[in-house]
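Please treat every number below as a calculation from the coordinates, not as lab data. Every value quoted in this text rests on a predicted model; they were computed, and no experiment measured them. No Cβ is skipped: glycine too gets one built from the backbone with ideal geometry, and neighbour counts run over all protein chains shown.
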């Protein structure tokens, strides 16, 4: 990597993990479209996967007392059902169409929650199950199913620290499934580990700053930040599908 590429990659990794440190999600989808301009898509995806799993593992261990174990079990159970199907269907699913629909859905959820223009009653149980399984399928296929799972968590986990800690455990568990799958399929890229080592200091810096911001913002501002992040992710997904 040239010095310019190194600096740009570092800034992207810092920003992506700053967001993850604040909200507990979003590092991969926010960082990948920008990082893909510097390295290959697969290398960027795996680098963010490795570094983000480190961030989520730290938050999980540091703030384990905030974990909602009941909701974690529900999310892991149904999303876990979808992940193997997503990995199996990776070649068959139309990437652009799937990612565009996902982006439109996520952007709509973010807009709805920000402006409250469409009030809905509590999510029916069957809809919650479908949402979690679909999120798992998309996560297994494209590693971009997180926003679907976040839209479920945003309704069920009302405390900001519980929201973040519980999601971080979910991401770590799903990461184990994906990591094992990639290993069995021999899909790891050697360059992704090199980039992960280069990006480690930037990831740590982003996490430290994000942690401080998380504990300073109010619940209202945190929820607003979550939904702004969802809206931004939805737009990025739609643009990447074009």
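Figures for the structure shown
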{"read-out": "Residue-averaged 222 nm ellipticity for the chain, from DSSP H runs of 4+ at -39500 (n - 2.57), nearest 500", "value": "-28000 deg cm²/dmol"}
{"read-out": "Relative contact order of the chain, defined on C-alpha pairs under 8 angstrom at six or more residues apart (%)", "value": "41 percent"}
{"read-out": "Three-way shape label, region 50-181, alpha-carbon gyration tensor, a/c 1.5", "value": "oblate"}
{"read-out": "Shape of region 111-222, Cα gyration tensor, a/c cut at 1.5", "value": "oblate"}
{"read-out": "Which of 56, 90 has the fewest Cβ neighbours within 10 Å, and the rest in rising order", "value": "90, 56"}
{"read-out": "Peptides 189-198, 211-220 ordered by average Cβ neighbours within 10 Å, highest first", "value": "189-198, 211-220"}
{"read-out": "Rounded if a/c under 1.5, otherwise prolate or oblate - the chain, Cα gyration tensor axes", "value": "rounded"}
{"read-out": "Highest-MSF residue in the chain out of 71, 185, 139 [GNM, Cα springs under 10 Å]", "value": "185"}
{"read-out": "Least to most buried among 172, 130, 150 (fewest other Cβ within 10 Å first)", "value": "130, 172, 150"}
{"read-out": "Hypothetical label at residue 217: residues of region 71-102 whose amide nitrogen lies under 16 Å (7 Å Cα-Cβ projection)", "value": "none"}
{"read-out": "Cβ-derived FRET efficiency at R0 35 Å, residue 155 paired with residue 88, nearest 0.05", "value": "0.75"}
{"read-out": "Label zone at residue 6 (point 7 Å along Cα-to-Cβ), backbone N below 12 Å, region 169-200", "value": "198-199"}
{"read-out": "Whole-Å distance, taken between Cα centres, linking region 14-69 and region 197-219", "value": "11 Å"}
{"read-out": "Order of 109, 176 under a 10 Å beta carbon neighbour criterion, fewest first", "value": "176, 109"}
